[in-house]
Amino acid sequence: FRIELGEIETRLLEHEAVREAVVLALDAPSGKQLVAYLVSDAEHAALRDALRAHLKAQLPDYMVPAHLIVLQSMPLTPNGKLDRRALPEPDPEAN
């Protein structure tokens, strides 16, 4: 399957509760997994459920991230770019 990470980010940003979104394909023991990192003030559990429904209505199942991680803010490098290495690893128990 062809997975467009930018397309997933666009769909996440269409949701009114999401201020920022980054989607990465991370290596996991079972193969690559999609992980979405979000910045939002909404209550996390309710937001995750709402976003899964939002994404499933617009994207094929294989493009819906396995993990939705809500952050207070995106980690940035001193240059102001996203610091991908500072993003937390997904917790398999949390989702």
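Details
- Screening the stretch 27-51 for residues that are part of a strand (DSSP E or B) and surrounded by 14 or more Cβ atoms within 10 Å (Cβ to Cβ) and picking the one that is modelled with the lowest pLDDT gives A28.
- Among the residues making up the stretch 74-87, those that are touching a residue at least 40 places away in the same chain (Cβ under 8 Å) and not in a strand (DSSP E or B) are M74, R84, L87.
- Flag for D61 being closer than 14 Å to I3 by Cα, loosely packed, with under 11 Cβ neighbours inside 10 Å and not aliphatic (A, V, I, L, M): yes
- The stretch 64-83, residues that are surrounded by fewer than 19 Cβ atoms within 10 Å (Cβ to Cβ), more than 16 Å from L13 (Cβ to Cβ) and out of contact with any helix residue (DSSP H, G or I) (no Cβ under 6 Å at 6 or more places or on another chain): A66, Q72, L76, T77, P78, N79, G80, K81, D83
- Test: residue in the stretch 19-26 that is in contact with a Lys or Arg (Cβ under 8 Å, 6 or more places away or on another chain), without any contact (Cβ under 8 Å) to a residue 40 or more places away in the chain and within 20 Å of R2 (Cα to Cα): yes
- Flag if A86 is more than 18 Å from I3 (Cβ to Cβ), of a type outside the set (D, E) and modelled with pLDDT of 95 or more: yes
- Flag for A45 being of a type in the set (A, V, I, L, M) and more than 12 Å from the chain's Cα centre (by Cα): yes
- In the stretch 4-26, residue surrounded by the fewest Cβ atoms within 10 Å (Cβ to Cβ) [restricted to those that are within 14 Å of Y62 (Cβ to Cβ) and in contact with a strand residue (DSSP E or B) (Cβ under 7 Å, 6 or more places away or on another chain)]: A25
The values are calculated or read from the model by the stated rules, or taken from the named source; none is laboratory data. In this text the structure is predicted, and so the values were computed from the model without any measurement. For neighbour counting, all protein chains shown are included, and Cβ atoms are generated from backbone atoms with ideal geometry for every residue, glycine included.
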